[in-house]
Each structure stands twice: as structure tokens, then as C-alpha cells.
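Peer 1: Just dropping this structure here.
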Protein chains: 2
Amino acid sequence: MTGYSALPRPGAAPFTERTPRVVAARKLTRRAEREKAGRFLAEGANAVEAALTHALEDGGTVHELFVTERAAAQHERLLATAREAGVPVSPITDRAADGLSETVTPQGIVAVCALVDRPQETVLKPGAKLVVVLVDVADPGNAGTVIRVADAAGADAVVLAGDSVDPHNGKCVRAAAGSLFHPAITRIRDVDAALKACSAAGLRTLGAHGYADTELDQVSFDEPIAWVFGNEAHGLPEHVLGTVDLAVKIPMYGRAESLNLATAAAICVYTDAMAPRRNR
Amino acid sequence: MTGYSALPRPGAAPFTERTPRVVAARKLTRRAEREKAGRFLAEGANAVEAALTHALEDGGTVHELFVTERAAAQHERLLATAREAGVPVSPITDRAADGLSETVTPQGIVAVCALVDRPQETVLKPGAKLVVVLVDVADPGNAGTVIRVADAAGADAVVLAGDSVDPHNGKCVRAAAGSLFHPAITRIRDVDAALKACSAAGLRTLGAHGYADTELDQVSFDEPIAWVFGNEAHGLPEHVLGTVDLAVKIPMYGRAESLNLATAAAICVYTDAMAPRRNR
């Protein structure tokens, strides 16, 4: 411990945007700095709560919690949880909080956490029932929303493959609403290697594709499955479609040509997750 | 027609942000002006194409098409369709296009259209099989995404009830990716009246609610259904939950507490739409 109590000391001047520890934390809004430090920022009450639970229950690490006066008053229970987890809490000014935020409406509560992604061999292994693979997904909000959907559906893991966005990006963390700390997360630069690792773990690979012959309502879900989704604008590359076990199309019953990535992923992953439990 | 050919006249100076017709169109980025004029802006190739198809096939009205030089070169086929539909096309500067856009990346092609919503009695009537009702939905991007999902699932209608956002908002139009012109759309300020109109049309009303007793995988979908979704932050109000025929919860198989509005709506509406077609 560093001499900080879990509640900001009464009368202690809050850190400003020029305080060295805030300056260091602010650098974590950049991907290269996150990689170098092995740390990222989890902003907002949802994300901070999930980070602290992850630290208390699953061996995750929260290095520090920054909180504005207003947020401290709103989130007393979270600060108590931080104390329980042995996490130093530092008061910051509103302006310092703005600098640590990558979103339009800073929430005034930000945790500095150890990166959550893990080596692929500890994530993709036999026994996994449901895995989500994102290939070249560019928008951090989309990636975060899909991680949240994967968590809700009980996925064992999320793989960020190819040129996909860093899951520790602030907009991704925010969109994941705490779920970044739930499924196991791994990053695999080589897409073919990612698909091979899924197959080796006993997962059938299904690629979502708007022009596939097989429609989602014709697929049986009696095997462990890795769902593979492509870039928002371009979908899955040809070579990936040639590699997956089956390409699957969401049926279009109306006149829309397609769905966006997050809603398409939600439909595919939940149709799969609900199949064995369905009342029919 | 007004003397404009469907392709901008070679050598004609494009309209600027100060040209009266562009100034008048720019006012349509405000809700009150849209209501007064009975017109709205459909920006981007997807939306413009859907607007023109709507005009050619379903009696919709496109009053005018504004296009930058660059967008005109990219979308020659769309300009030909505009000519076929008898829609005047006016060249505009990039700066004028910026002023007509409510999005970060203006696409340089914007149609001035008649509002698409219709009186409720022409929209909610016996024979409808699938309807989506949004109650107090605040974010236009969410509303547009749900309209796109409803279209893809073959919904007959989308009802914007209570304090919901104007579906003609530029961000909603963009997120709907053309689908704003597909399902019938109506706005009903009084939520109880909206639910009564659904019931009178023979629809069973299902309210999505995170704490409902009935889970989605236990629901049978052998009747026409109106899905009712609430505000992003607060969900459905108590009095609405007391009024719907059944409250339904999406099962949470992992540790996420909830899903966002668009992904929740996608899962509910598609589970319903696929049920009668499912291969089991």
C-alpha cells in the first residue's frame, strides 16, 4: 500500500491533470502506451465494479482508482469494495477526469487495470462450448458491444483476430459495460492461426456472411461452436470464408439488405445459446 | 419540374451553404422545422436509394436531391434513378453538404423527402404479424438500428411511442440504413393508446424487461406479436409493464447484467421471426 486510504483523505487536495500519476494514466488512452505499460483504463461505475470483482475473485489486478468528489459521493459502495481489494483510491479534479476519459460524458471514476487478454493456449482449449471470433473489427464500440453480448450468452472466450481494435480501448471498455472482465479474451494477429486454434479446441467454426447458402434457422447447434464475424464494412475476407467449417446467413424476411455487426452477432450467438434450452 | 436536369448541368455553379434552398434544407436538421415543413433529410447512398425506391414503388415523395461533385461521380446509377423518379438534382459544394449532415462523415448525397410516418389507424390493423413498439427511446442511433432490425425481421410496422425520438432525425435515418422507408412507421404520443391499438389489431403485446419471470426461450410465437421496448437507461415504465400481455426476459447465461437496447431488440424480434421457420 502507498499511504492512500480507500476513501480520499478529507481535505487532501485532489490530483490535477498535471499531477505525474494522472499524466502517466492519461497516456494509457493511447494503444502503444497501454502495450508498453501493460495497463489500461476502465472508466465508469460498471467497468470499475467489474474490474474490482475480477480482482477479488479471479486474480485480476487493479493498480489504482481515480475518483472525482462527485463520483465518490455517488459510489460509496464501490470505494468500499476497492478498500476490500486493497486498491489505492486517489481523488482527482473534474478536469483530470476529463483527460482520462475517451467518452463524451466522463463519469469521474476510472480504474487503472492490468490488461485482461491472455495467451491463446490458456483461452482456446477443449471444453469450450461457445467462442466469438472478431476478424478485423475496427470500431471499438462495436467490439465492446459484441463482448457484452458474448458474456450475456455465456461465451467462454472472445478472440480479437487480425487487425481488430484493441479491446482495452476506452470506447470498447465503455460499450462492454463490465463484460470485458468476464469471458476470457485473447488477441491473435494471424487469422488462420486463430481458426486453427478453435478447431483444435474442438469447436466448429461458423462464419457469418450475408451471401451464405445456409440460413441461421437451418443450423443445428449440438456441437461446440466458434462464431466468426468480420469487419463492419467489408465482412469476412474470402480466405476466411474458405476456411470456416460453414458460412451462415441471417435470413432477411423484409427489405433490409443486412444488419450491423452488433445486432447480427447478437442474433447468431443467442440463437446458438438458446437452442439446447428452447421450449419446443 | 423546375428546369434542373437529373444530372447537374456541366459548368453550373454548385449551390453553396448560403443558397436559399440549401439554407431551407439545412433547417430540416431541427425537429420543429421538420414538423412545420413536413419534410426531412435522408443522407447517404443507402438512404437515398431507399427513398427513391419508396417514391417509385410505394407512393413516397422525394422533393429534391442534393449532391456534391464527388458523390455524383460515385453514384451515377442513383442519379439515373432520381431522373426516372422525376426528382430534381442540384449540385452542392462540400461545405453545403457538411451543413446538411448530422453525422461526422458527410457522404455528399442528401435527399429532401416527405415525412414517412403515417396515421396509426393505417399502420396498426388486423393482419399485422410482427410489430415493434419503442417507448421513450431517446437515442436516434438506437431507434434507427431497431428500425433496421425490424425491417430485416419482416416487421409490418414500427411504433414510436411516448417521448421517443423523431425517426426523421439524421442520426436515426443513417442508422436505419434505408430501412426507415420499409416498415410502416407511426408515432403515438400516448403509450396506453399505442398498446390498445396493438391489442385491437389482434397483436399479443410482449414487453422486454430484465426482471421478468418468463424467459425468451420459453415463449411460443404462434400468435401475431407486438414487441415493446423501453428507454435505453430506464427500460419500460411500471405502468407499461402492468399493461402488456406478458413481460419477457432475455436469459443471461454469463455474468453480464443486461444487454443494450439494439442487441436486446435484435434477439427478441429475430427469435420471434425465426420461430415458425426453425428446423427442429
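The values are calculated or read from the model by the stated rules, or taken from the named source; none is laboratory data. Bear in mind that the values here come from a model prediction, so they are computed numbers and not experimental data. Glycine gets a Cβ as well: all are built from the backbone with ideal geometry, and neighbour counts include every protein chain shown.
Peer 1: Please find, among B:GLY99, B:GLY86, the residue that is in contact with a helix residue (DSSP H, G or I) (Cβ under 6 Å, 6 or more places away or on another chain), touching a residue at least 60 places away in the same chain (Cβ under 8 Å) and surrounded by fewer than 21 Cβ atoms within 10 Å (Cβ to Cβ). I'd like the intermediate steps shown before the answer.
Peer 2: On the way: B:GLY86 fails: in contact with a helix residue (DSSP H, G or I) (Cβ under 6 Å, 6 or more places away or on another chain).
When all the criteria are applied, what remains is B:GLY99.
Peer 1: Among the residues in the range B:121-141, are any under 30 Å from B:THR16 (Cβ atoms) and either at pLDDT 95 or above or in the same structural domain as B:VAL173 (by TED's automatic domain parsing) (or both)?
Peer 2: First, the residues of the range B:121-141 that are under 30 Å from B:THR16 (Cβ atoms): B:140-141.
Right, trim to either at pLDDT 95 or above or in the same structural domain as B:VAL173 (by TED's automatic domain parsing) (or both) and you get B:140-141.
Yes, the conditions are met somewhere in the range B:121-141.
Peer 1: Next question. Within the range A:238-259, count every residue that is more than 8 Å from chain B (Cβ to nearest Cβ) and either touching an Asp or Glu at 6+ places or on another chain (Cβ under 9 Å) or among the aliphatic types (A, V, I, L, M) (or both).
Peer 2: Taking the range A:238-259 as the starting set, the residues that turn out to be more than 8 Å from chain B (Cβ to nearest Cβ) are A:238-249.
Now narrow it down to the ones that are either touching an Asp or Glu at 6+ places or on another chain (Cβ under 9 Å) or among the aliphatic types (A, V, I, L, M) (or both): A:239-241, A:243-244, A:246-249.
Counting residues in the range A:238-259 that are more than 8 Å from chain B (Cβ to nearest Cβ) and either touching an Asp or Glu at 6+ places or on another chain (Cβ under 9 Å) or among the aliphatic types (A, V, I, L, M) (or both) gives 9.
Peer 1: If you don't mind, another one. Is it fair to say A:VAL112 is surrounded by 24 or more Cβ atoms within 10 Å (Cβ to Cβ), under 29 Å from A:ALA161 (Cβ atoms) and of a type in the set (A, V, I, L, M)?
Peer 2: On the way: surrounded by 24 or more Cβ atoms within 10 Å (Cβ to Cβ): yes; under 29 Å from A:ALA161 (Cβ atoms): yes; of a type in the set (A, V, I, L, M): yes.
Yes, satisfied.
Peer 1: Within the range A:140-156, track down each residue that is more than 7 Å from every other protein chain (Cβ to nearest Cβ), crowded, with 24+ Cβ neighbours inside 10 Å and under 21 Å from A:GLU223 (Cα atoms).
Peer 2: Step one: filter the range A:140-156 for residues more than 7 Å from every other protein chain (Cβ to nearest Cβ), giving A:140-144, A:146-147, A:150, A:156.
Those still in the list that are crowded, with 24+ Cβ neighbours inside 10 Å too: A:143-144, A:146-147, A:150.
The one that is more than 7 Å from every other protein chain (Cβ to nearest Cβ), crowded, with 24+ Cβ neighbours inside 10 Å and under 21 Å from A:GLU223 (Cα atoms): A:ALA150.
Peer 1: Taking the options A:ALA262, A:ALA176, name whichever one is within 8 Å of another protein chain (Cβ to nearest Cβ), crowded, with 24+ Cβ neighbours inside 10 Å, of a type in the set (Gly, Ala, Ser) and under 27 Å from A:ARG39 (Cα atoms). Reasoning before the result, please.
Peer 2: Working: A:ALA176 fails: within 8 Å of another protein chain (Cβ to nearest Cβ).
None of the others qualify; the one that does is A:ALA262.
Peer 1: Moving on to the next point. Going by what's in this entry, would A:GLU238 be described as among the acidic types (Asp, Glu) and free of Cβ contacts under 8 Å to residues at least 12 places away in the same chain? Give the derivation first.
Peer 2: Values: among the acidic types (Asp, Glu): yes; free of Cβ contacts under 8 Å to residues at least 12 places away in the same chain: yes.
Against the criterion (among the acidic types (Asp, Glu) and free of Cβ contacts under 8 Å to residues at least 12 places away in the same chain), A:GLU238 qualifies.
Peer 1: Residues in the range A:1-44 that are under 21 Å from A:ARG83 (Cβ atoms), at pLDDT 95 or above and small (Gly, Ala, Ser): how many?
Peer 2: Qualifying residue count, the range A:1-44: 2.
Peer 1: Is there a residue in the range B:215-234 that is more than 24 Å from A:TYR253 (Cβ to Cβ), more than 14 Å from chain A (Cβ to nearest Cβ) and at pLDDT 95 or above? Steps first, answer last, please.
Peer 2: Initial filter on the range B:215-234 (more than 24 Å from A:TYR253 (Cβ to Cβ)): B:230-234.
With more than 14 Å from chain A (Cβ to nearest Cβ) added as a condition, the list becomes B:230-231, B:234.
Right, trim to at pLDDT 95 or above and you get B:230-231.
Yes, there is a match, as at least one residue in the range B:215-234 is more than 24 Å from A:TYR253 (Cβ to Cβ), more than 14 Å from chain A (Cβ to nearest Cβ) and at pLDDT 95 or above.
Peer 1: Let me confirm something: among A:ALA155, A:ALA138, A:ALA161, which residue is farther than 22 Å from A:ARG34 by Cβ, over 11 Å from the mean Cα position of the chain (by Cα) and of a type in the set (Gly, Ala, Ser)?
Peer 2: Values: A:ALA138 fails: farther than 22 Å from A:ARG34 by Cβ; A:ALA161 fails: farther than 22 Å from A:ARG34 by Cβ.
The unique qualifying residue is A:ALA155.
Peer 1: Name, by its number, the condition in (1) without any contact (Cβ under 8 Å) to a residue 40 or more places away in the chain; (2) over 28 Å from A:ILE147 (Cα atoms); (3) buried (at least 16 other Cβ atoms within 10 Å of the Cβ) that does not hold for B:MET252.
Peer 2: (2)
Peer 1: What helices (runs of 4 or more DSSP H), lying completely within the range A:21-79, carry at least 2 residues that are under 20 Å from A:PHE181 (Cα atoms)? Step through it out loud before you land on a result.
Peer 2: Numbers: elements: A:31-37, A:45-58, A:69-74.
The qualifying helices (runs of 4 or more DSSP H) are A:31-37, A:45-58.
Peer 1: Run A:ASP272 past the list (1) surrounded by 16 or more Cβ atoms within 10 Å (Cβ to Cβ); (2) touching a Ser or Thr at 6+ places or on another chain (Cβ under 8 Å) and report the number of the one that doesn't hold.
Peer 2: (2)
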